[in-house]
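The values are calculated or read from the model by the stated rules, or taken from the named source; none is laboratory data. Treat the numbers as computed from the prediction; the structure is a model and nothing was measured. Ideal geometry is used to build each Cβ from the backbone, glycine not excepted, and the neighbour counts take in all protein chains shown. Side chains are part of the model used for accessible areas, which takes the heavy atoms of the whole protein and leaves out ligands, DNA and RNA. Shrake-Rupley method; radii C 1.70, N 1.55, O 1.52, S 1.80 Å.
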Amino acid sequence: MEATAKPPAPALSLPWKTRFALSVLSTFTDASCRKNGTVNRRLLNLFDFRSPPTSKSINGVMSHDVVVDQARKLWFRVYVPTQHVGEDLPVIVFFHGGGFAFLSPDVMAYDAVCRRFARKVPAVVVSVNYRLAPEHRYPSQHEDCFDVLKFLDDEENRSKSLPENANLLRCFLVGDSAGGNLAHHVTQRACEFNFRRIKVIGVVAIQPFFGGEERLESEMRLEGTPIVSVKRTDWIWKAFLPQGEGFDRDHPIINVSGPKAVDLSKIDFPATMVVIGGFDALQDWQRRYYKWMKKCGKEVYLVEYPNMCHAFYIFPELPESAQLIGQVREFIHKASSNVGSLLTN
């Protein structure tokens, strides 16, 4: 019997500009990760291009920075769409990616992404600068992000930080990669906290950074695709987890749907949108998260981009990047539809 040749696996196809940017990002990230578990910040700073806040409107958005705690360098950048003054706008609290160890809100790519969210949704966007590992290990990042919510829940802080038309009763936690991990866990904590003015009504986890002790099929099959790999993710988890507690990738902060998972069925968790890329080595963990959320009885939506790699949406030259912004817009509008307007109350 004649053997049938197995068709070749599809290859990731990206514009040269995107491939070059991903190559540079991967090269300098790897070079900065020392074998002793520390990060060479001096090397990273050579290619760490930052965008300042803009007090004047640029392409329909202006921005400013707000300090929460100078001692731990906890601050956030606010993006305000200037063409929607007087309109009741949702608030997006955004958590950037970077494996808990890299990047910040004022990095050019994330500044541009948040401007697009503010303009296209439209929404007031709060992009959080949390402390980074390994200098600051878990739970520093999650504490910082939650403390920003508590800061905004104070009326005096809110009035000084956000425009009048920012509706905190229509608050969405959005994050990509490590930020997607933060969005889930910070929302879980917010569900159990008695906020006075903030109501988290939606979560957007864009290619969230989850993992576990088990090696899943996508991690092995997609080894060598951009940004994430077994070697990189193992280094990050070791740099992230507290020292002295042992290295356990089934820690519930990592393996959110694993053997030590929190029982979400008893928590009033809001509607959640999960974004997966077909060339993201973490996709099997993200799909497990989606199925687990459904099993817990939560309202969860899966959005897949079969031809995209990890972090694809930060590259505006990709059509899928604009598509994702549009789908986030639709999700936010749908989740907001049943929430009253602050301006009419």
- Check A281, A311 and return the single one that is modelled with pLDDT of 95 or more and at positive phi. A311
- Task: Could you give me the residue pairs with C-beta distances under 6 Å whose first residue belongs to the range 197-221 and is more than 19 Å from L302 (Cα to Cα), whose second residue is assigned to a loop (DSSP other than H, G, I, E, B) wherever it lies, and which are 6+ apart or on separate chains?
- Result: V200/P270; G212/R249; G212/D250; G212/N255; G212/G258; E213/R249; E213/D250; E219/A281
- Query: On the given criteria, is F331 open to solvent by less than 40 Å² (accessible area, probe 1.4 Å), out of contact with any helix residue (DSSP H, G or I) (no Cβ under 7 Å at 6 or more places or on another chain) and among the aromatic types (F, W, Y)?
  - Reply: yes
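Could you tell me how many of the residues in the range 49-103 are aliphatic (A, V, I, L, M) and over 22 Å from Y313 (Cα atoms)?
Result for the range 49-103: 7.
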- Scan (1) among the hydroxyl-bearing types (S, T, Y); (2) in contact (Cβ under 8 Å) with a residue 24 or more places away in the chain; (3) open to solvent by 10 Å² or more (accessible area, probe 1.4 Å) for the single condition S104 breaks and write down its number. (3)
- Task: Answer yes or no as to whether A205 is within 30 Å of S336 (Cα to Cα) and either touching a Leu at 6+ places or on another chain (Cβ under 6 Å) or of a type in the set (A, V, I, L, M, F, W, C) (or both).
- Result: yes
- Message: All but one of (1) in contact with a Ser or Thr (Cβ under 6 Å, 6 or more places away or on another chain); (2) farther than 26 Å from F269 by Cβ; (3) assigned to a loop (DSSP other than H, G, I, E, B) hold for D111; state the number of the condition that does not hold.
- Response: (3)
- Query: Quick check: is even one residue across the range 288-299 out of contact with any Ser or Thr (no Cβ under 9 Å at 6 or more places or on another chain), at pLDDT 95 or above and more than 18 Å from P226 (Cβ to Cβ)?
  - Reply: yes
- Query: Residues in the range 295-307: is at least one within 30 Å of R137 (Cβ to Cβ), within 18 Å of the chain's Cα centre (by Cα) and open to solvent by 10 Å² or more (accessible area, probe 1.4 Å)?
  - Reply: yes
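To keep it simple, each residue is scored yes or no on (1) under 22 Å from the mean Cα position of the chain (by Cα); (2) small (G, A, S).
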| position | (1), (2) |
| --- | --- |
| F28 | yes, no |
| L43 | no, no |
| M62 | yes, no |
| E87 | no, no |
| G99 | yes, yes |
